[in-house]
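Single-structure report; data block below.
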Amino acid sequence: MTAARPGVVYLVGAGPGDPGLMTLRAAELLAGADTVLYDRLIPRLALARARPDAELVYVGKEPASPQLPQDEIERLMIDRARAGRSVVRLKGGDPFVFGRGGEEAEALVGAGVAFEVVPGVTAGVAAPAYAGIPVTHRDEASAVAFVTGHEDPAKDDSALDWEALAAFPGTLVMYMGVKRLPEIAERLIAAGRDAGEPAAAVERGTTAAQRTVTATLAELPAVAAEAGIGPPTIILTGPVAARRETIGWLERRPLHGRSVVVTRARAQASGLAATLAALGADVVELPAIRIEPRIDSPEVRQAARSIHAYALVCLTSANGARLLFEALDAAGRDARALANATVAAIGPGTAAELADHGINADIVPEQSIAEALVEALGQLELEGRPVLVARAAEARDVLPEALRERGAEVDVVALYETVAEDPDPEAIEAALDADYVTFTSSSTVKNFVSALGGRAPTRARLATIGPVTTQAAREAGLDVHVEAKRHDVDGLVEALLEDASRPPG
Ligand code: SAH
């Protein structure tokens with residue numbers, strides 16, 4: 001595989017919505033492209049993969065406002081490529097399935113601009129799959145047809161041959177048809193399709209907001225209208241639609257239909273957010289805090305240079321562990337500099353980060369709090385010995401104080417600072433209405449409260465990573481409903497799952 005080349009246009013499918021359904025090739029090209037021309041129906045997080053300095057141009061069609069004319073889009077693409085830029089033309093689903101990708105390729109050929117096509121996962125297959133409907137089935141559908149429902153079925157010169165579609169021996173998958181669903185169903189039935197055939201409509205397939213309705217072909221328009229199903233929706237008719245009853249899997253995931261707020265700093269949120277999303281949650285990222293590394297400070301540089309001299313090195317967060325190794329690296333050192341030290345990690349998350357850098361922590365307390373860490377040090381001789389506590393700038397002083405009480409010569413260095421993140425108004429609204437809010441540290445509590453500016457979630461259950469965070473939440477006037485038994489992200493997820501499986505009421 002090669003990265004995006006200058007002067008080349010890539011017609012790239014971004015998949016149907018779930019960011020995980022983007023191809024590796026799409027991600028690689030996005031990461032390198034100078035210019036990205038994107039449509040409306042692309043995964044929410046796709047653009048986050050683009051280079052921070054890439055030119056991002058929205059060329060999509062809003063339902064209400066006029067679209068950038070097709071020839072404008074083509075001109076833009078050609079101009080940018082001729083200017084020597086690498087261009088990703090990013091489209092929802094697959095670029096050659098009802099995406100006008102064919103026309104754009106032809107325009108590029110006409111202009112003599114080099115291009116490549118990167119197929120994507122098309123909505124017509126993916127949305128049914130996420131609804132538990134296989135578009136083919138050995139017993140029930142040996143063929144599948146992709147059909148545009150955009151045409152007015154009442155038009156005499158309709159490009160669609162309704163008789164042929166009605167007689168088609170397999171599954172019909174319709175794109176862009178939800179607004180005309182009543183006419184489509186009527187037309188198909190009038191042309192001989194079985195009115196009692198199982199059918200389905202899948203709205204926003206593969207996204208957290210996916211909704212599916214099923215009915216007979218004759219009844220689907222009324223059922224979909226009743227549920228308020230609107231674009232983008234895939235309509236499907238064929239016996240396979242009934243398979244959803246057995247195969248439907250999405251709605252069975254443990255956090256399906258629950259919205260969960262993640263308040264961690266963006267750099268670390270992705271792990272928790274992805275885990276929750278994979279369990280079916282609708283994740284609202286409200287990164288209340290951001291990590292600002294301070295590994296360039298004189299104290300940190302000094303500590304990194306002389307780290308071999310410490311008898312004990314204490315890390316109080318996974319961020320701290322990660323940044324300590326960055327600081328060591330900047331000082332031209334590596335894990336070997338810790339060869340003689342006892343290394344203590346406050347909890348399993350911190351220990352895991354250390355392990356990623358080749359250090360198995362000597363001490364990890366049961367409970368991830370400073371008091372427990374001090375206790376876990378047990379009989380370790382500290383009198384007169386040099387100890388390094390590497391941590392966040394605003395951390396509590398329990399640990400250094402307890403170490404000093406035991407006679408240690410303690411140096412405390414701040415590897416990073418957590419600063420408040422500017423809250424996104426949309427995320428705030430979503431947070432106010434969420435089912436769960438998760439807190440992974442006291443600072444996330446503090447910043448969440450200030451981001452909400454006096455308002456509070458109306459019905460959310462609040463979940464914390466452990467007792468210190470719980471206490472911070474209570475002090476901030478919040479009720480805590482769930483506290484993790486294991487004080488790391490996995491423990492928090494476990495606690496959330498347990499709470500979500502409670503019988504209602
Ligand atoms: N090139 C795209 C299709 C573009 S046409 C692809 O291959 O998927 C736009 C239509 O695609 C919408 O009207 C809708 O019918 C369908 N569509 C796109 N994304 C969808 C989604 N997430 N869920 C359901 N239908 C979707």
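All conditions but one from (1) open to solvent by 50 Å² or more (accessible area, probe 1.4 Å); (2) out of contact with any Leu (no Cβ under 7 Å at 6 or more places or on another chain); (3) modelled with pLDDT of 95 or more apply to residue 161; the one that does not is (3). Condition first: in contact with a Leu (Cβ under 8 Å, 6 or more places away or on another chain), within 16 Å of the ligand (Cβ to nearest atom), at pLDDT 95 or above and farther than 24 Å from residue 127 by Cα. Can you find one or more residues in the stretch 75-91 that meet it? Checked against the condition, which is being in contact with a Leu (Cβ under 8 Å, 6 or more places away or on another chain), within 16 Å of the ligand (Cβ to nearest atom), at pLDDT 95 or above and farther than 24 Å from residue 127 by Cα, the stretch 75-91 yields at least one hit. Filtering the stretch 306-335 to residues that are over 25 Å from residue 369 (Cβ atoms) and in contact with a Gly (Cβ under 9 Å, 6 or more places away or on another chain) leaves 334, 335.
Applying the set (1) touching an Asp or Glu at 6+ places or on another chain (Cβ under 7 Å); (2) surrounded by fewer than 21 Cβ atoms within 10 Å (Cβ to Cβ) to residue 503 leaves exactly one unmet item: (1).
Residues of the stretch 175-194 that are outside any loop (DSSP other than H, G, I, E, B) and not basic (Lys, Arg): 175, 178, 181, 182, 183, 184, 185, 186, 188, 189, 190. The strands (runs of 3 or more DSSP E) found wholly in the stretch 409-493 include none carrying at least 2 residues that are modelled with pLDDT under 90, touching a helix residue (DSSP H, G or I) at 6+ places or on another chain (Cβ under 6 Å) and buried (at least 23 other Cβ atoms within 10 Å of the Cβ). Out of 29, 11, one residue alone is surrounded by 18 or more Cβ atoms within 10 Å (Cβ to Cβ), in a helix (DSSP H, G or I) and in contact with a Phe, Trp or Tyr (Cβ under 8 Å, 6 or more places away or on another chain). It is 29. Of all residues in the stretch 92-103, exactly one satisfies the criterion of being assigned to a helix (DSSP H, G or I) and either among the charged types (D, E, K, R) or more than 16 Å from the ligand (Cβ to nearest atom) (or both), namely 103.
Considering every residue within the stretch 59-70, establish whether at least one is in a loop (DSSP other than H, G, I, E, B), open to solvent by 70 Å² or more (accessible area, probe 1.4 Å) and in contact (Cβ under 8 Å) with a residue 40 or more places away in the chain. Checked the stretch 59-70: at least one residue is in a loop (DSSP other than H, G, I, E, B), open to solvent by 70 Å² or more (accessible area, probe 1.4 Å) and in contact (Cβ under 8 Å) with a residue 40 or more places away in the chain.
Contact map, the stretch 99-115: first residue more than 19 Å from residue 148 (Cβ to Cβ), second residue in a helix (DSSP H, G or I) and within 16 Å of the ligand (Cβ to nearest atom), Cβ cut-off under 8 Å, separation 6 or more or different chains; pairs are 115/105.
Looking only at residues in the stretch 104-122 that are assigned to a loop (DSSP other than H, G, I, E, B) and farther than 11 Å from residue 13 by Cβ, which one is farthest from the ligand (Cβ to nearest atom)?
112
All conditions in (1) in contact with a Cys (Cβ under 9 Å, 6 or more places away or on another chain); (2) among the basic types (Lys, Arg); (3) free of Cβ contacts under 8 Å to residues at least 24 places away in the same chain hold for residue 404, with the sole exception of (1). Listed conditions (1) among the aliphatic types (A, V, I, L, M); (2) away from the ligand (no atom under 16 Å from the Cβ); (3) under 28 Å from residue 150 (Cα atoms); (4) assigned to a strand (DSSP E or B) are all met by residue 56, apart from (3). With respect to the stated conditions, residue 104 fails to be of a type in the set (Asp, Glu), open to solvent by 40 Å² or more (accessible area, probe 1.4 Å) and modelled with pLDDT of 95 or more.
Every residue, every condition in (1) touching a residue at least 40 places away in the same chain (Cβ under 8 Å); (2) open to solvent by 20 Å² or more (accessible area, probe 1.4 Å), yes or no:
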| residue | (1), (2) |
| --- | --- |
| 312 | yes, no |
| 340 | no, yes |
| 365 | no, no |
| 387 | yes, no |
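Taken over the stretch 180-212, the criterion of being open to solvent by less than 30 Å² (accessible area, probe 1.4 Å), in contact with a helix residue (DSSP H, G or I) (Cβ under 6 Å, 6 or more places away or on another chain) and aliphatic (A, V, I, L, M) is satisfied by 181, 185, 188, 191, 199, 200, 201, 202.
The values are calculated or read from the model by the stated rules, or taken from the named source; none is laboratory data. The structure presented is a predicted model; accordingly, all values stated were derived computationally and were not measured. Using ideal geometry, Cβ is built from the backbone for each residue, glycine included, and neighbour counts are taken over all protein chains shown. Ligands, DNA and RNA are excluded from the accessible area calculation, which covers all protein heavy atoms including side chains. Shrake-Rupley method; radii C 1.70, N 1.55, O 1.52, S 1.80 Å.
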